[in-house]
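Enquirer: For reference, the structure I am asking about is given below.
Rule-based calculations on the coordinates, nothing more; no lab input. In this text the structure is predicted, and so the values were computed from the model without any measurement. Every residue, glycine as well, gets a Cβ built from its backbone with ideal geometry; the counts of neighbours run over all protein chains shown.
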Amino acid sequence: MKISIERASLLKAVGQAQSVVERRNTIPILANVLIEAEGSNVSFRATDLDIEVVDRVPAMVERAGATTVSAVTLHEIVRKLPDGALVVLADDGASGRLTVEAGRSNFSLATLPREDFPVMASSEYSANFSAPAPVLRRLFDKSKFAISTEETRYYLNGVYMHVAEAEGGKVLRCVATDGHRLARVDADLPAGAEGLPGVIVPRKTVGELRKLLDDDEAQIAVSVSETKVRFATPEITLTSKVIDGTFPDYGRVIPTGNTKKMEVDAREFAQAVDRVATVSSERSRAVKLVLSEDKLILSVNAPDAGAAEEELAVAYGDEPIEIGFNAKYLLEIASQVDRENAVFLFDTSGQPVVMREGNDTSAIYVVMPMRV
Amino acid sequence: MPALCRSCLATFDAGARCPACRSPRIVAHPELFDLTIAHMDCDAFYASVEKRDDPTLATRPVIVGGGRRGVVSTACYVARIRGVHSAMPMFQALKLCPDAVVIAPRGAHYAAVSKQIRALMDDLTPSVEPLSLDEAFLDMTGTARLHGRPPAVMLAGLLKRMEDELGLTGSIGLSHNKFLAKVASDLDKPRGFSVIGKAETAEFLRDKPVGLIWGVGAAMRASLERAGIRTFTDLLRWDKTDLTARFGAMGERLWHLARGEDHRRVSAHHPVKSISNETTFFEDTADPDLLDGHLWRLSEKVSDRAKAKGIAGRIVTLKLKRADFRSLTRRISLPDTTQSADRIYRTARALFDRAAGEGPFRLIGVGLSDLTSDAGADLSADLLDPDAAKRLASERATDAIRARFGKDAILKGRAMR
């Protein structure tokens with residue numbers, strides 16, 4: 001194999017590959033990226049056995065072939081090469097080395113045979129549809145913060161993507177929760193997605209997927225089966241196993257009878273929460289909200305560290321209520337609001353709270369209060 | 001060379017015998033009266049207490065440890081000569097020493113004796129850092145003017161008082177930091193008094209194995225060996241950045257220790273790092289009901305201790321020991337801190353469910369670590385587990401009833417298994 005490739009496109013492909021490979025790995029081949037050159041394309045393939053990413057890049061292929069090298073090492077090298085460099089990758093098949101040449105730099109890397117590289121079994125997808133990148137970006141960006149890291153409830157370690165019935169008909173919905181907060185984000189159902197089986201897309205896959213979604217004009221081809229999900233642009237294909245588990249019936253925990261409505265400027269609110277939380281160094285910092293007519297008092301009282309209080313003007317006309325929250329959770333949901341005011345719907349101080357943006361119910365958030 | 005008589009505490013210039021009392025128990029060292037960091041370690045503490053309390057045991061091998069299936073906690077020096085050592089499985093110890101007197105540990109009694117020793121140490125310095133019931137660091141810096149005698153004399157006096165007043169022996173290591181003091185106390189056991197001075201530190205460490213370092217166990221030793229590090233000389237060849245890159249924070253510590261440097265202070269108030277309870281079974285078991293009962297009781301014990309101390313933790317650990325003595329440790333970080341028996345149990349139970357196939361087991365343990373004050377513990381409820389709040393409320397009610405009517409006033413059915 002011998003190819004010449006532009007540094008920028010090589011860096012992007014190898015960058016994606018090295019973030020997929022498992023760092024703490026005992027199987028050496030899984031640390032490698034499979035480079036395959038044929039025609040006028042080179043593909044870079046990396047896997048951790050749960051996720052596989054293939055990036056096809058145009059290149060000058062002098063001699064077709066394939067080999068595997070350490071993804072992390074190759075990435076480090078390419079990253080340090082000067083911008084605009086032309087990189088030549090070559091292996092002679094006999095020495096078991098891959099040479100990397102750019103300008104006056106010359107590297108020789110150990111390889112492993114391509115035959116050892118595990119290729120993810122292909123599967124039959126039961127639903128195929130296409131969605132604009134910004135739509136998927138919104139679905140995942142607004143829900144991923146609520147993904148749980150708790151290993152015991154592994155079925156919460158991802159975003160639940162499924163078809164749901166909303167007020168205006170069927171929607172494509174993403175839900176994530178860790179038991180303390182929940183995010184539910186809807187988008188119009190793309191044509192072809194009706195038969196989509198509900199799948200839990202793992203956290204790592206969500207992170208990798210995000211790299212495919214930066215281009216506003218891109219259309220993403222999505223394929224889903226009971227066990228796998230695939231996202232593809234013309235260049236990059238990301239295939240991932242989905243979490244084998246049942247996502248809980250989240251509908252039950254979203255309150256429907258919360259009537260006490262507070263409207264507040266989300267940015268002002270988030271800044272105030274951030275300010276008062278400064279006095280406490282505890283990991284789970286509790287912020288107390290005291291609501292009365294058109295007035296919200298935020299306070300933190302950390303016995304060993306100090307106390308803080310801030311008053312905010314809000315729109316509120318119901319009976320007074322006192323309720324506590326984890327500051328981090330409040331900040332995270334407030335930062336999801338980008339266009340209108342944040343609307344909070346309360347019940348009692350022990351019951352979960354609903355937050356949405358203005359009157360838009362296509363993205364709602366639920367937060368569990370804390371005892372304060 | 002400055003010297004000291006361990007029998008009458010006289011100080012003099014080196015000689016083979018004490019000029020005052022003619023005793024041959026002399027300590028002499030060029031830096032003897034300048035060193036201030038000491039480590040006191042009782043000799044075969046549990047066994048010595050038993051021998052003291054029952055003089056008929058004096059010449060017999062005594063092993064303190066738990067039952068037929070337990071391990072040796074302490075072996076007296078008679079048993080040690082036969083090859084018995086602490087942490088050895090009891091059956092093995094009895095094979096080596098069939099005539100040994102095996103005594104079940106009397107924890108509360110040892111703790112009371114330990115308090116008496118602690119009182120003697122407190123007379124020397126306010127800076128005493130106990131490591132366990134039978135050993136402690138003492139920082140004697142600045143005490144020479146208070147006592148009118150150098151630290152070495154006071155420490156020799158401590159050992160003498162322990163023997164005279166309590167009938168127990170111990171060994172002292174005196175040096176210029178904690179690491180070397182601890183190493184020194186082990187050099188001349190029992191009834192030892194060893195000194196490692198600044199001038200001889202490098203020479204002393206040179207060919208010593210790295211296993212000498214407290215905290216370098218079998219696993220760490222193996223990974224050091226893979227890096228070609230066996231002795232302190234091997235360690236000296238590495239520079240700080242390489243060691244840190246390879247071994248993390250421990251690497252940096254190793255770099256300093258290799259040079260005989262240890263900057264940790266003797267601190268009298270050591271915060272508790274973890275709370276754990278474990279139990280060893282009479283027969284290896286894989287019975288899920290039985291194990292579940294143990295899990296609950298252990299979780300409850302850990303929770304009780306956390307509640308008593310007003311602390312809560314974020315990491316729950318499950319420890320299992322298989323019939324072949326292989327240990328499995330599984331841990332989980334919770335999103336917030338807890339001290340609730342219910343949450344500790346449920347978390348440990350989830351860990352257990354994943355490891356249960358590895359049974360049968362001979363030991364099960366539950367631990368709580370990453371501890372902080374309980375101010376923020378168990379405050380946030382769970383959306384997906386609405387009953388959790390009720391269980392927590394019932395646990396608080398149970399605690400209140402027990403506080404009033406005693407520990408057995410109310411029990412979970414689960415605890416009866």
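Enquirer: What residue among A:Leu182, A:Leu136, A:Leu11 shows peak mean-square fluctuation when chain A is described by a Gaussian network model with Cα springs under 10 Å?
Expert: Residue with maximal mean-square fluctuation among A:Leu182, A:Leu136, A:Leu11: A:Leu11.
Enquirer: Classify chain B from the C-alpha gyration tensor, please: rounded if a/c falls under 1.5, else prolate or oblate depending on whether a/b exceeds b/c.
Expert: prolate
Enquirer: What does the helix-only formula give at 222 nm for chain A: each DSSP H stretch with n ≥ 4 adding -39500 (n - 2.57), the total divided by the residues, and the result rounded to the nearest 500 deg cm²/dmol?
Expert: Rounded to the nearest 500, the figure is -5000 deg cm²/dmol.
Enquirer: Right, something else. Which three numbers, in whole Å and largest first, are the semi-axes of the equivalent ellipsoid of the protein assembly as shown derived from its Cα gyration tensor as √(5λ)? List each step's numbers first, then the result.
Expert: Numbers: eigenvalues 668, 294, 144 Å².
After scaling each eigenvalue by five and taking roots: 58, 38, 27 Å.
Enquirer: Mind checking B:371-380 for the average number of partner chain beta-carbons within 10 Å of each residue's beta-carbon?
Expert: 5
Enquirer: Which FRET efficiency value, to the nearest 0.05, is calculated for A:Val163 and A:Ala315 with the Förster distance at 35 angstrom and r the Cβ-Cβ distance?
Expert: Working from the Cβ atoms, E equals 0.50.
Enquirer: Taking R0 as 60 Å, what FRET efficiency do you get between A:Arg275 and B:Leu96 from their Cβ-Cβ distance, rounded to the nearest 0.05?
Expert: 0.35
Enquirer: So, R0 is 41 Å and r is the distance between the beta-carbons of B:Ala20 and B:Ala202; what FRET efficiency does that work out to, to 0.05? Could you put the intermediate results ahead of the total?
Expert: Values: r = 35 Å, r/R0 = 0.86.
With R0 = 41 Å, the Cβ-Cβ based efficiency is 0.70.
Enquirer: Given contacts defined as C-alpha pairs under 8 Å and at least six residues apart, what's the relative contact order of chain B, whole-number percent?
Expert: Details: 741 pairs, mean separation 50.3, N = 417.
Value for chain B: 12 percent.
Enquirer: Continuing with this model, one more query. By its C-alpha gyration tensor, with a ≥ b ≥ c as the square roots of the eigenvalues, how is the stretch B:256-406 shaped: rounded for a/c under 1.5, else prolate for a/b larger than b/c, else oblate?
Expert: oblate
Enquirer: For helix B:151-161, what angle does its Cα long axis make with the longest principal axis of chain B, in degrees from 0 to 90 and rounded to 10?
Expert: Tilt of helix B:151-161: around 70 degrees.
Enquirer: With labels modelled as points extended 7 Å from the Cα through the Cβ direction, what inter-label distance (nm, one decimal) is found for B:Ala119 paired with A:Arg63?
Expert: Here the modelled spin labels are 8.7 nm apart.
Enquirer: Pick from A:Ile200, A:Ile29, A:Ile297: which residue has the top mean-square fluctuation in a GNM of chain A where Cα pairs under 10 Å get a spring?
Expert: Its mean-square fluctuation being the largest, the pick is A:Ile297.
Enquirer: How much length, in nm to one decimal, is gained on full extension between A:Glu263 and A:Asp338, taken as 0.36 nm per residue of separation minus their Cα-Cα distance?
Expert: Net length gain for the segment: 25.6 nm.
Enquirer: Each residue of the stretch B:337-344 in turn: what ³J(HN,Hα) in whole Hz from Karplus with 6.51, -1.76, 1.60 and θ = phi - 60°, glycine and Pro shown as x?
Expert: Per residue, the Karplus-derived 3J(HN,Hα) values read 7, 9, 9, 7, 4, 4, 6, 4 Hz.
Enquirer: Would any residue of the stretch A:1-26 have its amide N under 17 Å from a label point 7 Å out along Cα→Cβ of A:Lys80? List them or say none.
Expert: Residues A:11, A:15 fall inside that zone.
Enquirer: Can you bin the stretch A:255-367 into rounded, prolate or oblate? Criterion: square roots of the alpha carbon gyration tensor eigenvalues sorted a ≥ b ≥ c, rounded for a/c under 1.5, prolate for a/b above b/c, oblate for the rest.
Expert: Here the stretch A:255-367 falls in the prolate category.
Enquirer: Let me ask something additional. Every cysteine in the protein assembly as shown with no other Cys Cβ under 4.7 Å from its Cβ, please list them in numeric order.
Expert: By the Cβ distance rule, which asks for a partner under 4.7 Å, the isolated cysteines are A:Cys174, B:Cys42, B:Cys76, B:Cys97.
Enquirer: Under a Cβ-Cβ cut-off of 11 Å, what is the net charge of the residues other than A:Asn41 that fall near it, where Lys and Arg count +1 and Asp and Glu count -1?
Expert: -3
Enquirer: Can I ask one more? By count of other Cβ within 10 Å, fewest leading, how are B:Lys321, A:Lys80 ordered?
Expert: Least to most surrounded, the residues fall as A:Lys80, B:Lys321.
Enquirer: Give me the net charge of B:Pro2's neighbourhood, meaning all other residues with Cβ under 9 Å from the Cβ of B:Pro2; Lys, Arg count +1, Asp, Glu -1.
Expert: -3
Enquirer: Among B:Gly197, B:Gly211, B:Gly260, whose Cα lies farthest out toward the positive end of the dipole of the stretch B:196-262, if unit charges sit on the beta carbon of Lys, Arg (+1) and Asp, Glu (-1)?
Expert: B:Gly211
Enquirer: Now for a different question. Give the lysines whose C-alpha is closer than 20 Å to that of B:Lys273, dropping any in the same chain fewer than 8 places away, or say none.
Expert: B:Lys178, B:Lys301, B:Lys307, B:Lys309, B:Lys319
Enquirer: Now for a separate question. Need one value for A:149-160: mean number of C-beta atoms belonging to other chains within 10 Å of its residues' C-beta atoms. Mind dumping the intermediate values first?
Expert: Working: counts 2, 6, 8, 10, 4, 1, 0, 1, 0, 0, 0, 0.
Other-chain Cβ atoms within 10 Å of each residue's Cβ, averaged: 3.
Enquirer: Next up: Based only on other Cβ atoms within 10 Å, what is the fewest-to-most ordering of B:Cys42, B:Cys18?
Expert: Going from least to most buried by this count: B:Cys18, B:Cys42.
Enquirer: Expressed in nm to one decimal, what extension gain is obtained for the pair B:Glu278 and B:Arg322 from 0.36 nm per residue of sequence separation less their Cα-Cα distance?
Expert: 14.5 nm
Enquirer: A further question follows. The stretch B:206-258: percent of C-alpha pairs farther apart than 15 Å? Before the final figure, lay out the partial values.
Expert: On the way: 463 of 1378 pairs.
Of all Cα-Cα pairs in the stretch B:206-258, 34 percent lie more than 15 Å apart.
Enquirer: Take the alpha carbon atoms of the stretch A:1-107, find their radius of gyration, then divide it by 2.2 N^0.38 Å using N residues; give the quotient.
Expert: In units of the 2.2 N^0.38 Å rule of thumb, it is 0.99.
Enquirer: Given a cut-off of under 8 Å on Cα pairs at least six residues apart, what relative contact order in percent is computed for chain A?
Expert: Relative CO of chain A lands at 12 percent.
Enquirer: Antiparallel DSSP bridges in the stretch A:255-367: what percent, to the nearest 5? Numbers along the way, then the final one.
Expert: Values: 35 of 35 bridges.
If I count the DSSP bridges inside the stretch A:255-367, around 100 percent turn out antiparallel.
Enquirer: Just counting partner chain Cβ atoms within 10 Å, what average do the residues of peptide B:383-390 show around their Cβ?
Expert: Other-chain Cβ atoms within 10 Å of each residue's Cβ, averaged: 5.
Enquirer: Now a separate question. When only Cα pairs under 8 Å and 6 or more residues apart are kept, what is the percent relative contact order across the stretch A:2-116?
Expert: Details: 245 pairs, mean separation 33.5, N = 115.
Reported relative contact order: 29 percent.
Enquirer: Quick check on the exposure proxy: order B:Leu224, A:Leu30, B:Leu212 from fewest to most C-beta atoms within 10 angstrom.
Expert: B:Leu212, A:Leu30, B:Leu224
Enquirer: Could I ask something else about it? B:Ala409 versus B:Thr233, label points 7 Å from Cα toward the beta carbon: distance in nm?
Expert: About 6.8 nm, to one decimal.
Enquirer: Still on this structure: Counting only helical runs of four or more DSSP H residues, what would the 222 nm mean residue ellipticity of chain B come to if each run contributes -39,500 (n - 2.57) and the total is spread over all its residues?
Expert: That comes out to -11000 deg cm²/dmol.
Enquirer: Mind checking which lysines have their Cα closer than 19 Å to the Cα of A:Lys288? Skip sequence neighbours fewer than 8 apart in that chain.
Expert: Correct list for A:Lys288: A:Lys260, A:Lys261, A:Lys328.
Enquirer: Hey, another quick one. Summing Lys, Arg as +1 and Asp, Glu as -1, what charge do residues with Cβ under 15 Å from the Cβ of A:Glu322 carry, A:Glu322 excluded?
Expert: With Lys, Arg at +1 and Asp, Glu at -1, the neighbours total -2.
Enquirer: Further, regarding this structure: Which one of A:Ile3, A:Ala121, A:Val206 is farthest out on the positive end of the charge dipole of chain A, using unit charges on Cβ (Lys, Arg +1; Asp, Glu -1) and the Cα centre as origin?
Expert: In chain A, that residue is A:Ile3.
Enquirer: Let me test this: with uniform point scatterers at the alpha carbons of the stretch A:127-252, what is the Debye-based log₁₀ I(q)/I(0) at q = 0.13, 0.18 1/Å?
Expert: -0.46, -0.92
Enquirer: Using the basic label-point model (7 angstrom from Cα toward the beta carbon), what is the A:Asn301 to A:Ser122 distance in nanometres?
Expert: If labels sit at A:Asn301 and A:Ser122, their model points lie 6.6 nm apart.
Enquirer: With N residues in the stretch B:281-326, what two-decimal value do you get for its Cα radius of gyration over 2.2 N^0.38 Å?
Expert: On the way: Rg = 13.2 Å, N = 46, 2.2 N^0.38 = 9.4 Å.
It is 1.40.
Enquirer: Mean 1/r over all different Cα pairs, inverted: what Kirkwood radius does the stretch B:15-80 give, in Å? The partial results should precede the final answer.
Expert: Details: mean 1/r = 0.0660 Å⁻¹.
This gives a value of 15.2 Å.
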